[in-house]
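A.B. asks: Quick one: this structure, given as structure tokens, is what I'll be asking you about.
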Amino acid sequence: MINKEEIEKRRASVRAKAEAEALSAGLLDATFAIYHYNNYRRQFGPIAEQPPPIDWDVLRYRFSEGEIDDATHRVIALFRNAYQAGDDIRERRLTYAETVDRLRLDYPGFSDNCYEETISQGLFESLW
């Protein structure tokens, strides 16, 4: 059984990884890292135990407000297609590689990791 300390360590590690990505990646991947963490990764467990969200200010040191807004809209558009991507794989309408290629074509500019995380989220959502 995992104890509370181990859970806290894992949560801190996930948050630190997302924050490091936000501080070092290009605009789209940095925005993806914050959005994905704040809206999906940190949401597990009791609300009172959830770690704080990553502040969007970490991007404002490197990018303009307009760039961040545009990137955020692109990330949201990608995540809106997460369910469909996951469902296409689960229902065997597309292979994993075909799904990544479709996301890459429809939502260009993200790293492979972002497409893979989107598919992972979509697979999770399509189970419910």
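Read-outs: derived from the displayed coordinates by stated rules, not from any lab. Predicted model, so just to flag it, every value in this text is computed and none were measured. In this analysis, Cβ positions are derived from the backbone assuming ideal geometry, glycine residues included, and neighbour counts consider all displayed protein chains.
A.B. asks: Quickly estimate the mean residue ellipticity at 222 nm for the chain, helices only: each DSSP H run with n ≥ 4 gives -39500 (n - 2.57), and the total goes over all residues, rounded to 500.
C.D. replies: -22000 deg cm²/dmol
A.B. asks: Counting every Cα pair in the chain, what percent are over 24 Å apart?
C.D. replies: 34
A.B. asks: Give the relative contact order (percent, whole number) for the chain; include only Cα pairs under 8 Å separated by 6+ residues.
C.D. replies: Worked out over the chain, it gives 24 percent.
A.B. asks: Provide the packing ranking of 119-126, 25-32, i.e. peptides ordered by the mean count of other C-beta atoms within 10 Å per residue, highest first.
C.D. replies: The most tightly packed comes first, giving 25-32, 119-126.
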